[in-house]
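Laboratory data are not the source of any read-out in this text; all were calculated from the coordinates shown. As the structure is a computational prediction, the values presented were derived from the model and not from experiment. Because the Cβ atoms are built from the backbone with ideal geometry, glycine has one as well, and the counts that use them run over all protein chains shown.
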Amino acid sequence: MGTPFISLLEPTRLDGYDNTKPHTAQPAHIPRVFLDAMEVREAVFVEEQKVPLAFEYDADDARSCHWVVYASVNRTTEPEERDPQTGEVTKPRKSETRSVPIGTMRIVPFPHPPHPPSGARYVGNVLQEDDGKEDDSSSHDNATAARPRARTLTSVDTERQASALPFGADAPTTYHDGKEPYVKLGRLAVIPMFRGHHIAGQLWRAAKAWLEEHPTFFDPSVTELGMDQLKAGGAGDIPKWNGLICCHSQESAVKLYEKWGFKVDEGMGKWYEEGIPHVGMFQRLNIKHMNPQV
């Protein structure tokens with residue numbers, strides 16, 4: 001494997017992306033970097049973890065920043081040929097080196113849906129009705145075998161989802177007061193054969209450095225949206241990111257995120273996405289004008 005390099009795709013239009021088709025069957029105008037991110041996500045989440053393809057792409061992809069790490073890989077295009085009598089090479093081996101995507105990560109800006117209720121189950125990012133049955137399995141098979149019905153929205157849910165920026169107040173947790181805007185790290189994936197080479201850490205360092213250098217990138221523009229659309233009565237009400245990052249981590253990945261400085265938010269409990277147990281984690285980066293640290 002050659003020296004990896006990382007590309008960043010900032011929020012971009014993905015009109016026409018068909019979530020029922022793999023990355024190789026998407027329209028020609030979809031950015032190459034995003035298709036490369038989906039190549040990795042399909043290999044890890046769809047093929048390895050058995051998440052349905054239709055659930056892998058979501059509405060957050062177009063508004064997110066995506067990092068993709070590439071490696072130069074040499075592969076044989078034509079095998080060597082030898083004379084069966086003498087053993088001498090009659091045709092040398094031919095090979096080519098090309099860059100292939102091996103890992104990806106995204107950062108989703110605020111606003112976000114409500115924190116997942118502890119014990120909740122999501123299918124295709126939709127909160128399901130509670131059937132009252134316990135299920136300790138972490139298999140995707142259980143999530144896809146029986147399709148529970150989507151949970152009926154409460155008046156609070158409806159008000160939150162009809163709000164502009166940000167969504168209404170959320171339930172406070174250990175590290176989030178329920179009001180402060182935060183960005184969300186997610187879709188971290190590394191191709192199996194490249195694990196063990198600190199690829200995930202390289203992605204996180206690249207994303208972290210970019211966030212620290214662009215702390216106002218996701219803040220809404222008052223000029224473009226107006227105070228009414230922001231539902232802001234004054235300058236102090238305008239949503240502003242102060243370095244808080246949330247991660248919905250699979251339980252199996254908690255130790256990795258802890259190495260990066262994230263802390264498990266006990267107040268968020270545990271929930272299931274496509275049958276996989278998840279927990280919430282938070283970290284605060286050192287940017288200017290920060291609130292007290294988590």
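Report the gain in length on full extension from GLU48 to HIS198: 0.36 nm times residue separation, minus Cα-Cα distance, nm rounded to one decimal. Extra length available between GLU48 and HIS198 comes to 52.0 nm.
Straight-line cross-link partners of LYS240 among the lysines, defined as a Cα under 30 Å from its Cα and at least 8 positions apart when in the same chain: LYS179, LYS184, LYS208, LYS231, LYS255, LYS259, LYS263, LYS270, LYS288.
Amide H to amide H, with H built 1.01 Å from N, GLY124 comes under 5 Å of GLU274, counting only residues 5 or more places away or on other chains.
Would you list THR216, THR174 from fewest to most Cβ contacts within 10 Å?
THR216, THR174
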